[in-house]
Amino acid sequence: MSGSQLLVLSVVPEIFPLVKTGGLADVAGSLPRALAAEGIAVHSLVPGYPAVVAALALRDEVLRIDDLFGGAACVVGTRAAGLDLFVLDAPHLFDRPGALYGHPDDAQRFAALSWTAAAMAQGAATGFVPDLLHAHDWQAGLAAAYLHYDGGERPPTVMTVHNLAFQGQFPAHLLGPLRLPSAAFSIDGVEYYGDIGFLKAGLRFSDRITTVSPGYAEEIRTAAGGMGLDGLLRARGDMLAGFLNGIDTSVWDPATDPALAAQYDAERLQRRAANKAALQSIFGLAGEPDALLVGVISRLAYQKGMDLLAASLPVLLSGGGQLALLGGGDHDLMDRFAAVARANVGRVGVRFGYDETLAHLIQGAADVIAVPSRFEPCGLTQLCALRYGALPLVARVGGLADTVIDANEMALEAQVATGFQFAPAAVEPLEAAIRRACRLWRDQRLWRTMQRNAMAADVGWGRTAGCYAALYRQLASVR
Ligand code: ADP
């Protein structure tokens with residue numbers, strides 16, 4: 001440790017703004033900045049996907065590896081997009097087109113990331129000896145296992161679960177090829193239902209486990225929410241904490257957001273009308289300022305409850321509402337929403353794909369943002385929605401339950417409501433929540449109060465950065 005500054009090696013499979021498939025990238029890109037203010041210097045090790053290598057201006061080689069699971073590789077230190085990065089330049093594993101994940105050799109690709117992280121944690125890179133290793137999700141799960149089986153000096157390790165549904169499970173015959181000893185194939189090791197479990201390994205061998213909301217930290221200890229790992233998580237319950245994610249409030253700021261037709265703040269909410277008109281035009285919706293406009297920005301996946309939303313739409317439409325949906329993923333869901341849009345021209349508009357700029361405009365334009373997830377570790381969309389005064393309508397699960405205050409009678413009376421919750425995640429409760437939103441929409445004074453409450457909610461990293469910093473310091477001090 002140099003002075004009071006702590007040096008952390010963060011191991012992430014994606015990082016905003018370079019590569020992103022979900023909220024993990026946002027967290028990986030924004031948490032280091034927040035931690036800098038706490039005296040924590042985070043350096044992120046990321047795979048050298050084409051988009052990452054293309055962003056490298058300076059190439060300072062800090063580690064050369066002759067054979068990294070089938071080819072030569074090196075680690076390059078650099079700064080990009082305000083982040084300190086170590087890029088794992090391994091063309092045989094990462095220089096390829098297409099999706100980040102889902103390749104036949106994913107086991108080798110992310111074992112390589114984890115193996116390199118473990119080597120760097122032990123000081124293999126020139127001029128970099130971290131005080132702590134922080135692994136994110138299954139792709140980094142083996143790092144703690146490699147350190148454990150190496151048995152040498154090592155820094156403390158933290159594993160963060162961003163989504164327990166993605167576990168990184170691979171056939172047992174890869175044990176040797178992944179450089180794991182045969183003794184590792186046991187219930188106390190990396191074995192997981194007869195396979196090798198990358199996430200399981202991380203949860204088993206990390207000194208501490210965190211996840212991204214207090215609610216999710218509870219849910220994943222239960223059989224219903226534990227996705228096969230609840231036993232291990234209960235056994236390690238004392239080591240498990242839930243720290244609520246934040247968003248980068250400089251990137252998500254309606255007062256300065258260049259993606260908006262009109263910037264605004266809590267005192268100038270009437271300016272949102274220009275954004276609504278712009279969005280209605282983009283989505284081919286009728287230019288009605290008084291129609292309740294529901295926005296969706298989401299992966300189209302079972303987890304996100306988009307089928308529930310599709311089934312509940314008649315209630316929104318019969319209440320005079322509109323839907324603007326931006327998302328991509330499941331083809332059946334895309335077909336379903338495309339059909340709904342064709343049948344409801346002017347009332348339902350859809351855009352399939354990933355569009356960061358349009359996502360900002362939806363936040364600044366929609367009256368409601370719907371997040372009807374079946375489970376949600378934290379969820380970032382509803383945090384952005386709070387910040388933008390687009391009232392979140394969410395299922396009462398995980399981080400959604402932790403961050404939205406339901407507009408029930410008591411909360412309305414106390415003037416603290418920030419959105420709408422429903423439970424369980426099913427069609428009827430969702431329909432009831434939509435009806436409530438439609439009813440409240442008619443009382444514009446109340447709606448404005450809720451918008452101001454939402455915009456005053458603390459959705460930044462401040463508090464949580466302090467939690468991570470305290471955890472890091474505690475672990476590093478007992479090393
Ligand atoms: P997950 O990581 O499960 O997809 P999160 O809510 O944690 O869900 O994070 C997803 C992030 O990506 C949010 O900021 C969300 O607004 C954004 N996002 C999701 N789909 C799209 C899309 N099609 N276009 C732009 N942004 C999107």
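The values are calculated or read from the model by the stated rules, or taken from the named source; none is laboratory data. Small disclaimer: the values here were computed from a predicted structure and weren't measured. All Cβ positions, even for glycine, are placed from backbone atoms using ideal geometry, and neighbour counts span all protein chains on display.
Among the numbered conditions (1) surrounded by 22 or more Cβ atoms within 10 Å (Cβ to Cβ); (2) assigned to a helix (DSSP H, G or I); (3) touching a Phe, Trp or Tyr at 6+ places or on another chain (Cβ under 6 Å), tell me where Ala385 comes up short. Just one mismatch for Ala385, condition (3). The residues on offer are Pro155, Pro97, and the sole one that is crowded, with 19+ Cβ neighbours inside 10 Å, outside any helix (DSSP H, G or I) and not β-branched (Val, Ile, Thr) is Pro155.
Looking across Ala301, Ala339, Ala310, one residue alone is aliphatic (A, V, I, L, M), out of contact with any Leu (no Cβ under 7 Å at 6 or more places or on another chain) and within 16 Å of the ligand (Cβ to nearest atom). It is Ala301. Of the residues making up the stretch 244-294, those that are assigned to a helix (DSSP H, G or I) and in contact with a Phe, Trp or Tyr (Cβ under 7 Å, 6 or more places away or on another chain) number 2.
Only one entry of Ala433, Ala454, Ala425 meets the criterion of being in contact with a Gly (Cβ under 8 Å, 6 or more places away or on another chain), within 26 Å of Arg299 (Cβ to Cβ), in a helix (DSSP H, G or I) and not basic (Lys, Arg), and that entry is Ala454. Here Cys378 meets each of (1) outside any helix (DSSP H, G or I); (2) free of Cβ contacts under 8 Å to residues at least 60 places away in the same chain; (3) within 11 Å of the ligand (Cβ to nearest atom); (4) not aromatic (Phe, Trp, Tyr) with one exception, condition (2). I'd like to check something: does the stretch 193-201 contain any residue that is surrounded by fewer than 15 Cβ atoms within 10 Å (Cβ to Cβ) and out of contact with any Gly (no Cβ under 9 Å at 6 or more places or on another chain)? Looking for residues that are surrounded by fewer than 15 Cβ atoms within 10 Å (Cβ to Cβ) and out of contact with any Gly (no Cβ under 9 Å at 6 or more places or on another chain), one finds at least one in the stretch 193-201, hence yes. None of Asp257, Asp238, Asp230 is surrounded by fewer than 17 Cβ atoms within 10 Å (Cβ to Cβ), charged (D, E, K, R) and either in contact (Cβ under 8 Å) with a residue 12 or more places away in the chain or more than 24 Å from Ala454 (Cβ to Cβ) (or both) except Asp238. Filter the stretch 185-213 down to residues that are assigned to a helix (DSSP H, G or I) and in contact with a helix residue (DSSP H, G or I) (Cβ under 6 Å, 6 or more places away or on another chain), then give me how many there are. Qualifying residue count for the region: 6.
Residues in the stretch 362-374 that are crowded, with 24+ Cβ neighbours inside 10 Å, more than 10 Å from the ligand (Cβ to nearest atom) and not β-branched (Val, Ile, Thr): Gly364, Ala365, Ala366, Ala370, Pro372. From the set of residues in the stretch 125-149 that are out of contact with any helix residue (DSSP H, G or I) (no Cβ under 7 Å at 6 or more places or on another chain) and surrounded by fewer than 24 Cβ atoms within 10 Å (Cβ to Cβ), which is nearest to Arg179 (Cα to Cα)? So, considering only residues that are out of contact with any helix residue (DSSP H, G or I) (no Cβ under 7 Å at 6 or more places or on another chain) and surrounded by fewer than 24 Cβ atoms within 10 Å (Cβ to Cβ), the one nearest to Arg179 (Cα to Cα) is Ala125. Residue check: Val350 meets all listed conditions (1) in contact (Cβ under 8 Å) with a residue 40 or more places away in the chain; (2) surrounded by fewer than 22 Cβ atoms within 10 Å (Cβ to Cβ); (3) part of a helix (DSSP H, G or I); (4) touching a strand residue (DSSP E or B) at 6+ places or on another chain (Cβ under 7 Å) but one, namely (3). Residue selection: Phe94 fails the criterion of being among the hydrophobic types (A, V, I, L, M, F, W, C), touching a His at 6+ places or on another chain (Cβ under 9 Å) and more than 19 Å from Tyr468 (Cβ to Cβ).
Filtering the stretch 38-52 to residues that are touching a helix residue (DSSP H, G or I) at 6+ places or on another chain (Cβ under 7 Å) and in a strand (DSSP E or B) leaves Ile40, Val42, Ser44, Leu45, Val46, Pro47.
The residues of the stretch 167-177 that are in contact with a helix residue (DSSP H, G or I) (Cβ under 6 Å, 6 or more places away or on another chain) and either within 21 Å of His134 (Cα to Cα) or within 16 Å of the ligand (Cβ to nearest atom) (or both), listed by number, are Gln167, Gly168.
Among the residues of this structure, Leu358 counts as one that is part of a helix (DSSP H, G or I), within 8 Å of the ligand (Cβ to nearest atom), surrounded by 17 or more Cβ atoms within 10 Å (Cβ to Cβ) and at pLDDT 95 or above.
Criterion first (at pLDDT 95 or above and assigned to a loop (DSSP other than H, G, I, E, B)) does Thr116 satisfy it? No, not satisfied.
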